[in-house]
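K.L.:
Handing you a structure now.
The values are calculated or read from the model by the stated rules, or taken from the named source; none is laboratory data. Being a predicted model, the structure only gives us computed values, none of them experimental. Here the Cβ positions follow ideal geometry from the backbone for every residue, glycine too, while neighbour counts run over all protein chains shown.
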Amino acid sequence: MTQPKERRTTPAVSVRTIGAERSGVDVSGVDVSGVDVSGVDVSGDAVRVVALQNAAFSQSWNLADMRRILAIPGAIGLIAEADSGDGGGPAVGFVVVQRLADQAEIISIAVAESWRGHGVGERLMRAAMASAIVVGACEMFLEVAEDNMAALALYSGLGFEVVGRRSKYYSRSDGTRADALSMCRVLVIEEGEEV
């Protein structure tokens, strides 16, 4: 069972839309082992997001998957980068949200292991909620493994509540399966409240 990590000082991190790329984003240091790039127009953001996804989860994505997901009407992708002073810092996390009518769903969120516990996940979630509100979503849904205590603490702290369970939803690399908890938060903002 994953325990929540003690919160550390948040280093400088910026969050921006995936695809709003700066020219010359360096992907040379990105571990893309196992990432199939054949026949795909590779962008720096897509490579970095796929690498983060595949490092965090046993269910891997390829670049074609990423492009397909981001091409879905209502998809919003956000990437967190460590501020390096020159505007080209390493990717340290991402979130992909899909809006359908007045609801939004977190498709995936991942933070690089060395950046967990620094508030990156919270920054990404707050940016995702704000983006969803801007495009007209009133509720946000997500699924999380029932034993991912750090993520559960984050989502609960952001006002998400458990609304259901999906039995044996997640496949693990060791062949076991884990239940997912479905969580929801109303995105209506009261005056003075922060997302």
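Condition check ((1) surrounded by 19 or more Cβ atoms within 10 Å (Cβ to Cβ); (2) among the charged types (D, E, K, R)) across all residues:
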site: Pro90; (1), (2): no, no
site: Val95; (1), (2): yes, no
site: Arg99; (1), (2): yes, yes
site: Ala110; (1), (2): yes, no
site: Glu113; (1), (2): no, yes
site: His118; (1), (2): yes, no
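K.L.:
Next question. Which of the residues spanning the stretch 100-138 are part of a loop (DSSP other than H, G, I, E, B) and of a type outside the set (Val, Ile, Thr)?
P.N.:
Once the filter is applied, which keeps residues that are part of a loop (DSSP other than H, G, I, E, B) and of a type outside the set (Val, Ile, Thr), the stretch 100-138 yields Ala101, Asp102, Ala112, Arg116, Gly117, His118, Gly119, Gly136, Ala137, Cys138.
K.L.:
Among the residues of the stretch 101-121, how many are closer than 17 Å to Leu152 by Cβ and not aliphatic (A, V, I, L, M)?
P.N.:
Count: 5.
K.L.:
Looking only at residues that are small (Gly, Ala, Ser) and farther than 23 Å from Cys138 by Cβ in the stretch 152-172, which one is nearest to the chain's Cα centre (by Cα)?
P.N.:
Among residues in the stretch 152-172 that are small (Gly, Ala, Ser) and farther than 23 Å from Cys138 by Cβ, the one nearest to the chain's Cα centre (by Cα) is Ala153.
K.L.:
Now for a different question. Quick check on Ser108: is it within 15 Å of Leu52 (Cβ to Cβ), of a type in the set (Ser, Thr, Tyr) and at pLDDT below 95?
P.N.:
yes
K.L.:
When only residues in the stretch 153-195 that are buried (at least 17 other Cβ atoms within 10 Å of the Cβ) and aromatic (Phe, Trp, Tyr) count, which is modelled with the lowest pLDDT?
P.N.:
Residue satisfying both the conditions and the ranking: Tyr170.
K.L.:
Quick one: would you say Asn148 is surrounded by 18 or more Cβ atoms within 10 Å (Cβ to Cβ), over 21 Å from Arg16 (Cα atoms) and either in contact (Cβ under 8 Å) with a residue 60 or more places away in the chain or out of contact with any helix residue (DSSP H, G or I) (no Cβ under 7 Å at 6 or more places or on another chain) (or both)?
P.N.:
Yes.
K.L.:
Do you know which of the residues in the stretch 120-134 that are over 15 Å from Ser14 (Cβ atoms) and surrounded by fewer than 20 Cβ atoms within 10 Å (Cβ to Cβ) is modelled with the lowest pLDDT?
P.N.:
Once the filter is applied, the top-ranked residue is Val134.
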